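Heads up: the structure comes next, in structure tokens.
The values are calculated or read from the model by the stated rules, or taken from the named source; none is laboratory data. It should be emphasised that the depicted structure is a prediction, and the values quoted were computed from it without experimental measurement. Counting neighbours? That spans all protein chains shown, and the Cβs are built from the backbone with ideal geometry, glycine included.
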Amino acid sequence: MDQREVFFDTHDTDQVERLMNCIAFSKVLASIYDMDTLLKEVLQRINAIIPANNWSLLLIDPKTRELYFAVVIGVAPEAVKDIRLKVGEGIAGAVVQTGRPIIIPDVREEPRFCAKVDSLTGFKTRSIIVQPLIVRGEVIGVFEVVNVEDHRYFREKYLPHLAMLADYIAIAVDNIRNLQKLQARTFIDEVTGFYNTRYLMEKLARLIPQHQERGEHFSLIFLDLDNFKAVVDRHGHLRGSKVLLEVAQVIHGQLGSDDSLVRYGGDEFIILLPRRPQAKALEITRRLRRTLNDTFFLQNDGLRIKVTASYGIATLPEDAQEWETLMSIADRALFGSKGRGRNRIMLGRDLVEVEED
């Protein structure tokens, strides 16, 4: 099927109205800057343009190159949230592979049809129309309409609008993903590849109120490398930066999937520990301290550099009620560790020194 064969009938008032709805939808999409809002708009507006009880929008995951259901109508979203389709798998996968739309009036006569979604959801697919979402020659997803009663009528009346919608949605998805990449770069420290202070401030401003509302703990670890200037003076700034990178990698290796590592500046780091009480934060810090003390750095450069660090821990709600105070208390605990001789851990607003384990 060639989309160029499809034309709008300008004498059909219903078709003209749907065309105007498409144009209005494109203007809405152009003003959206996050994926959740985009998908909500797709969910709310598509039925005004394409009358279908069963349709879905599938996008390609940039990391896995697999299709996943971003929006689905006619099936419970929970039933399809873990389903993934490979390129070339089923009709949707075939459209991704070829970049061309496909209409299948009867899937029983189509060898490319994959019944995986039906078997997992209990849905019964009889027919399917799949339109690719293409940006700069690359397929980034598909729009599919399932179980259309009259394919000839749908092709004449609605297929042009489906093609337009696919183009508009593809551009919007691409714009949002590019914006997300740009935003992500502004949150990344160039030396270590982990988060920077801009990320820290935005994350704390969002997470602390959430934890307060839920009555959850939130711990923060402030750490500073001991006598790091001596490493730079002896081995130079380039190797000093490599040590910081390797230190950050060691720290990150001790953290959980929900924890965040931030390079605060110079040789200082901050670790964010959502939903972690002080006892758990101390356990993590002790383990990190042992690992850091036992690690040799710059071994690929033929060196065996040792570094230690001083640590300060603060926890919500015991030590503070807002993120500025939480950081201040952790910083003061860190300063206390430095003052007690370095390579130490101190806790909370009462500056309790932790004995070596």
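A few notes on this one:
- Test: residue in segment 48-62 that is modelled with pLDDT under 85 and within 19 Å of the chain's Cα centre (by Cα): no
- Complete set of residues in segment 87-118 that are touching a Ser or Thr at 6+ places or on another chain (Cβ under 7 Å) and acidic (D, E): D106, D118
- In segment 295-338, residue nearest to I271 (Cα to Cα) [restricted to those that are of a type in the set (G, A, S) and surrounded by fewer than 22 Cβ atoms within 10 Å (Cβ to Cβ)]: S328
Residue-by-condition table, conditions (1) out of contact with any helix residue (DSSP H, G or I) (no Cβ under 8 Å at 6 or more places or on another chain); (2) crowded, with 16+ Cβ neighbours inside 10 Å; (3) of a type in the set (F, W, Y):
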{"residue": "F187", "(1), (2), (3)": "no, yes, yes"}
{"residue": "G215", "(1), (2), (3)": "yes, no, no"}
{"residue": "K229", "(1), (2), (3)": "yes, no, no"}
{"residue": "L255", "(1), (2), (3)": "no, yes, no"}
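- Summed over segment 2-23, the residues that are exposed (fewer than 13 other Cβ atoms within 10 Å of the Cβ) and either modelled with pLDDT of 80 or more or hydrophobic (A, V, I, L, M, F, W, C) (or both) give a count of 3.
- Residue match in segment 174-181 (condition: more than 19 Å from the chain's Cα centre (by Cα) and surrounded by fewer than 19 Cβ atoms within 10 Å (Cβ to Cβ)): no
- Just one residue in the set I251, I270 is crowded, with 20+ Cβ neighbours inside 10 Å and without any contact (Cβ under 8 Å) to a residue 60 or more places away in the chain; that residue is I251.
- Scanning segment 24-50 for residues being exposed (fewer than 14 other Cβ atoms within 10 Å of the Cβ) and part of a loop (DSSP other than H, G, I, E, B) gives a total of 3.
- Residue count, segment 51-65 (criterion: closer than 24 Å to Q180 by Cα, in a loop (DSSP other than H, G, I, E, B) and in contact (Cβ under 8 Å) with a residue 24 or more places away in the chain): 1
- Among the residues examined, D150 qualifies as closer than 30 Å to D14 by Cα and free of Cβ contacts under 8 Å to residues at least 12 places away in the same chain.
- Checking Q131, Q183 one by one, the residue that is among the polar types (S, T, N, Q) and over 30 Å from L255 (Cα atoms) is Q131 and no other.
- Among the candidates I208, I176, I171, the residue that is in a helix (DSSP H, G or I), of a type outside the set (D, E, K, R), in contact (Cβ under 8 Å) with a residue 60 or more places away in the chain and more than 30 Å from L57 (Cβ to Cβ) is uniquely I208.
- Of all residue pairs spaced 6 or more apart or on separate chains, those with beta-carbon atoms under 6 Å, a first member in segment 77-96 that is more than 15 Å from L57 (Cβ to Cβ) and a second member that is surrounded by fewer than 20 Cβ atoms within 10 Å (Cβ to Cβ) and polar (S, T, N, Q) are A79/T121; V87/Q97; G88/Q97.
- Filter pass, L316 being closer than 25 Å to L207 by Cβ, modelled with pLDDT under 95 and within 33 Å of the chain's Cα centre (by Cα): yes
- When segment 257-284 is filtered for residues that are among the acidic types (D, E) and more than 11 Å from S219 (Cα to Cα), the ones remaining, listed by number, are D258, D267, E268, E283.
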